[in-house]
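Just below is one structure, and these are the notes that go with it.
Please treat every number below as a calculation from the coordinates, not as lab data. Since the structure is predicted, the reported quantities are computational estimates derived from the model, not experimental observations. Reconstructed Cβ throughout: ideal geometry from the backbone, glycine too, with neighbour counts over all protein chains shown.
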Amino acid sequence: MKANIVLLPGDGIGPEVMKSAVAVLDAIAAKFGHNFDYDEQLIGAIAIETTGSPLPDATLRAGEQADAILLAAVGLPKYADPTAPVRPEQGLLKIRAHFGLFANLRPVKTYPALYGYAPLRAELLEGVDMLIVRELTGGLYFGARKEQDGDDNSFDTMNYTVGEVERVAHVAFRAAQQRRGKLTSIDKANVLASMRLWRRTVMKVAEDYGDIALNHEYVDAAAMYLMTRPASYDVILAENMFGDILSDEASVLAGSLGMLPSASLGTGTFGLYEPVHGSAPDIAGQGKANPIGQLLSAAMLLRYSLGLETEAAAIEAAVEDALADGARTADIAPKGSAFVSTDEFTQTVVGALKE
Ligand code: NAD
């Protein structure tokens, strides 16, 4: 297969973990006979410093020509002021909006080798392998709001249309079909009218997916079950704010922020793939970055944008093999013990892929 992938390394450890992803994608291309064309473009602080904009037009135009975008991370401490007129993170919001990416997918998986790094007991972490599908462009974060200095009343509204729920529900059901066939829809239908529409709509969409076992949980109960029986979940579908909160809660199960990938999808197969972590300026340039979140994001790109399931699974298995062989970047190495650099970890993964 021939595919055109836009690379956005961004700032901080971004270029380091992107280099790792390209090495692994090259190994996949060689092993399976694919041809990946990379088009490297600017986003974030480096884009501001080069062009004045955190998301230059050239980056958008390149994305429009591509099958998918692989992003690393943006942000530098010198742009930390949230009220500054131009900030690297504006590039992220703008690129998601430009491509109409309404579904955010965050898988969370635990590895036996890393059980000691999560705050839960090992017996609860065993077998955790879930995918959270968060609605990204509607709901409480986008509904009408009133806020003015001096007012003694403000409000935000949770507003969904049937169409908005349907399209993200289809993404979640299709993902469940590629996984273990189970979908948990999160709502607060006992209290909120918008969440009753959510539940009704998800139940209607379910009629197209007779092979999927659907259940519903209230968000407050789900927050508890994520800690008491995390291994029971396969795909979780949630409203924008509920999904935001639950995916951060679930991320602690993995043991390090550096482990977690994500995908943002719209209609069609185009998608934007990025690790969950930021640009980690505290460790940038030291070879200490854990590339796993970036590598698993590249695997998601192969799965969801290019339909290359075997190749995606090969990256995931190679990462697991590298961990099982004892390769550890600094963030997941026991205190005081030796760890490998980003490049060394990458070479272990590439080696596992060649086996
Ligand atoms: P961060 O995720 O960059 O770092 C938090 C902590 O986790 C740091 O101690 C860092 O060293 C560690 N860490 C993160 N990724 C790691 C990896 N791959 N390997 C090893 N350790 C890792 O979050 P922050 O410190 O709050 O933010 C730093 C900058 O990143 C800020 O400018 C922020 O705005 C930006 N940011 C960007 C994104 C994004 O690009 N999607 C997301 C979050 C934060």
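Remarks
- Förster-model FRET efficiency, 51 Å R0, Thr267 and Ser337, C-beta, rounded to 0.05: 0.60
- Residue-wise HN-Hα couplings along region 130-136, as the Karplus relation 6.51 cos²θ - 1.76 cosθ + 1.60 with θ = phi - 60° gives them from phi, are 10, 10, 9, 10, 9, 5, 10 Hz; Gly and Pro carry x.
- Separation of alpha-carbon centers, region 77-135 and region 262-302, rounded to whole Å: 9 Å
- Counting only Cβ charges, +1 for Lys and Arg and -1 for Asp and Glu, the dipole size of the chain around its Cα centre is about 480 debye.
- Cα gyration tensor shape of the chain, rounded if a/c is under 1.5, else prolate or oblate by comparing a/b with b/c: rounded
- Bins of 5 Å, starting at 0 and running to the largest distance - Cα pair percent for region 119-276: 2, 8, 17, 21, 20, 15, 9, 5, 2, 1, 0
- Pairwise Cα inverse-distance average, inverted: Kirkwood Rh of region 204-331 (Å): 16.8 Å
- ³J(HN,Hα), Karplus 6.51/-1.76/1.60, whole Hz, each residue of region 194-209, x for Gly, Pro: 4, 7, 6, 4, 4, 5, 4, 5, 4, 5, 5, 4, 4, 4, 7, 10
- Its Cα centre serving as origin, region 300-355 has a Cβ charge dipole (Lys and Arg +1, Asp and Glu -1) of approximately 160 debye.
- Proximity of backbone amide H atoms, modeled 1.01 Å from N, is registered between Ala289 and Thr342 at under 5 Å, excluding neighbours fewer than 5 places apart on the same chain.
- Among 135-142, 256-263, 229-236, sorting by the average number of other beta carbon atoms lying within 10 angstrom of each residue, highest first, gives 256-263, 135-142, 229-236.
- Over 22 Å (Cα to Cα) - which of Lys94/Lys182; Lys182/Lys204; Lys19/Lys288; Lys109/Lys354 fall in this group: Lys94/Lys182; Lys109/Lys354
- Calculated FRET efficiency, Val162 to Gln286, Cβ-Cβ distance, R0 = 56 Å: about 0.65 to the nearest 0.05.
- Whole-Hz Karplus values for region 259-266 come out as 8, 9, x, 8, 9, 10, 10, x Hz, taken residue by residue from phi with 6.51 cos²θ - 1.76 cosθ + 1.60 and θ = phi - 60°; glycine and proline positions read x.
- The length gained by stretching the chain between Asp321 and Asn4 to full extension, at 0.36 nm per residue less their Cα-Cα distance, is 111.3 nm.
- Formal net charge of residues neighbouring Ile212 (Cβ-Cβ distance under 12 Å; K, R +1; D, E -1): 0
- Going by neighbour counts of Cβ atoms within 10 Å, the residues Ile245, Ile28, Ile43, Ile292 line up, fewest first, as Ile245, Ile28, Ile292, Ile43.
- Net charge over other residues, Cβ less than 13 angstrom from the Cβ of Ala333 (K, R count +1; D, E count -1): +1
- Here Arg180 and Asp151 are evaluated by their C-beta separation; at R0 = 51 Å the FRET efficiency comes out at 0.60.
- Its DSSP H runs of at least 4 residues, each contributing -39,500 (n - 2.57), put the calculated 222 nm mean residue ellipticity of the chain at -12000 deg cm²/dmol, to the nearest 500.
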